[in-house]
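Heads up: the structure comes next, in structure tokens.
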Amino acid sequence: MKNTNPHPAHLNPDEVERLDSEHAQELNRRAELAGRSVIRLFGKKVMGIPGTLVGSVQIPETRTLGKRFADWHYWWQAHFLDCALDAAAREHRLHNSSGAYEWFETAQKILRGIKTRNFNVFTNAFYDDMAWLALAAGRLNDLSLTLRGRPDSLASDAGRALFAALAKGATDDLGGGMFWSARHDFKNTPATAPAALAFVRGQQPQRAAGLLNWLDSSLWSGEESAYLDGLKVKDGAISLERGLFSYNQGPVLAALLEVVEAGGELRCDVSERLSALFEGIDRHFTSEFTVASSGEKLTVLRTQAGGDGGLFTGILARYLAYVARSPQAPADLRERARELVLNTAEILWEGRREFDPDLPLNEMGIDVNEIRGEAAVLFSTSSTLHSSETLKPGAPVELSSQLQAWMILEAAATL
């Protein structure tokens, strides 16, 4: 695995600093363009209500009205909110107060849109959905404290409702863990991992530690060096679902580090578990990419085509970047995490489609590659294929894959 921003040995420290600064500026620019493109192409008000914003499931919109109403995708919107918060945090790091506040207000609109579209409540029947929204709402509250010196009232309301609901899913059935849904017939990593991270950030480190310890005893596979999917209960019988999914590994990375820092009691050695997880990530969720111009081989995170899976690798990248920034993580893992995120972001960027969505295509002699106004960008659903191969002309593009790319570019911008 190689660094995507190498420096020739002959450069002096000033030149290295200049190149690093230019590279950081470029990563920030890319993340900003990705975010603005998602808002521009997918963002819409809920039933035309001012002050609300959600992401359309796909563009162009080819579904029937009934299908549009049925396809809510609550958890995609939770990650839409998280991405807007990434953008606000980025602008704050750059000391751009107006940009940070603009993204903060966008995040407020998204949370308001989620509540409005969700029949004016924050909760639903799926504990994994609610855990993701609890994490994002917590970040919105923190950002409000940073920018305005006070909590955000809507985010605070969301947190109270969501944590009360999550507590009902974290039962002693099957020895612990978090149920996936209100049916209480499946305890799994997709719900338990983000819930553990939400609880530790919500000042409940022992409850978070209990969830992680259950994952360790029930769903950790030493053979695969990864967390398996979950335990199903049917007619009193328990069966193990052995599926391996990239997003199941991501939030555990952050939760392990944060629980230890908060004083939670874990049964596993965190450094050993992190090292084993990285082995599993390398084995199951990466691909080798050869750069055509140079023949250089890069290891990148492998992405999935669309649907819910279109978010999975973005979530993993978010938490790999967390590890890369964490002084608690071993130095070699921080560097491996950094390279994986930067490599993946670089290849996704190179495979993008950049265009002008306002170009009057009905005019004679228009070049579809011309950009007259502000460019928008769409990203490939596959990290190792160009968008021309995965986004066919006229075929719908799903929000999940574009949120994933935005998430990966924001993760890279933190490094």
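Please treat every number below as a calculation from the coordinates, not as lab data. Quick caveat: nothing in here was measured; it's all calculated off a predicted structure. All Cβ positions, even for glycine, are placed from backbone atoms using ideal geometry, and neighbour counts span all protein chains on display.
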Practice prompt. Write down, largest first, the equivalent ellipsoid semi-axes of segment 111-167 in whole Å, where each equals the square root of 5 times an eigenvalue of the alpha-carbon gyration tensor.
Written response: 20, 12, 8
Worksheet item: Sorting HIS95, HIS284, HIS73 on the 10 Å Cβ count, fewest up front, what's the list?
Response: HIS95, HIS284, HIS73
Worksheet entry | Check: the chain dipole with +1 on Lys, Arg Cβ and -1 on Asp, Glu Cβ, in debye | 1320
Practice prompt. Just list whichever of LYS109/LYS392; LYS115/LYS232; LYS45/LYS67; LYS67/LYS168; LYS44/LYS67 have alpha carbons separated by over 20 Å in the model shown.
Written response: LYS109/LYS392; LYS115/LYS232; LYS67/LYS168
Worksheet item: GNM on the chain, C-alpha springs below 10 Å: top fluctuator among LEU19, LEU154, LEU211?
Response: LEU19
Worksheet, complete the sentence: Membrane-span-like helices (DSSP H runs, Cα span along own axis at least 27 Å, mean Kyte-Doolittle at least -0.5) in the chain -> 127-148, 331-350
Item to complete: Kindly identify segment 170-284 as rounded, prolate or oblate by the Cα gyration tensor criterion: order the square roots of the eigenvalues as a ≥ b ≥ c, call it rounded if a/c is under 1.5, otherwise compare a/b with b/c, prolate if a/b is larger, else oblate.
Response: oblate
Worksheet item: Given the alpha-carbon gyration tensor of the chain, what are the semi-axes of its equivalent ellipsoid in whole angstrom, ordered largest first, with each equal to the square root of 5 times an eigenvalue?
Response: 32, 27, 22
Discussion item. Looking at the calculated P(r) for segment 46-154, what percent of the C-alpha pair distances fall above 19 Å?
Written reply: 45
Practice prompt. Could you tell me whether segment 286-415 comes out rounded, prolate or oblate from its Cα gyration tensor? Rule is a ≥ b ≥ c as square roots of the eigenvalues, rounded for a/c under 1.5, then prolate if a/b exceeds b/c, otherwise oblate.
Written response: prolate
Worksheet entry | Neighbour-count ranking [beta-carbon atoms within 10 angstrom, fewest first] of MET178, MET47 | MET47, MET178
Worksheet entry | Of LEU340, PRO357, LEU378, farthest towards positive along the dipole that unit charges on Lys, Arg, Asp, Glu beta carbons give segment 286-415 | LEU340
Practice prompt. Would you grab the residues whose amide H sits under 5 Å from the one on THR286? Only those 5+ places off in sequence or on another chain, please, with H modelled 1.01 Å from N.
Written response: ARG302
Worksheet item: What whole number of Å gives the distance from the Cα centroid of segment 201-226 to the Cα centroid of segment 317-337?
Response: 19
Discussion item. Run lengths n ≥ 4 of DSSP H only: what is the helix-derived mean residue ellipticity at 222 nm for the chain, with -39500 (n - 2.57) per run over all residues, to the nearest 500?
Written reply: -18500 deg cm²/dmol
Worksheet, complete the sentence: Across 5 Å bins beginning at 0, the whole-percent shares of Cα-Cα pair distances in segment 213-364 come to 2, 8, 16, 18, 17, 13, 9, 6, 4, 3, 2, 1, 1, 0
Fill in: Other-chain or far-sequence residues with amide H under 5 Å of GLN58's (modelled H)
LEU399
Worksheet item: How would you rank LEU212, LEU65, LEU240, going from fewest to most other Cβ atoms within 10 Å of each one's own Cβ?
Response: LEU65, LEU240, LEU212
Item to complete: Assign unit charges at the C-beta atoms only (+1 for Lys and Arg, -1 for Asp and Glu), then state the dipole size of segment 286-415 relative to its Cα centre in Debye, rounded to the nearest 20.
Response: 580
Response to the item:
Sorting THR52, ALA84, HIS95 by the position of each Cα along the dipole of segment 17-109 (Lys, Arg +1; Asp, Glu -1; all at Cβ), the one nearest the positive end of that ordering is THR52
Worksheet item: Relative contact order of the chain: what whole-number percent is it, with Cα pairs under 8 angstrom and at least 6 residues apart?
Response: 17
Worksheet item: In terms of the ratio Rg/(2.2 N^0.38 Å) built on C-alpha atoms, what value belongs to segment 312-357?
Response: 1.40
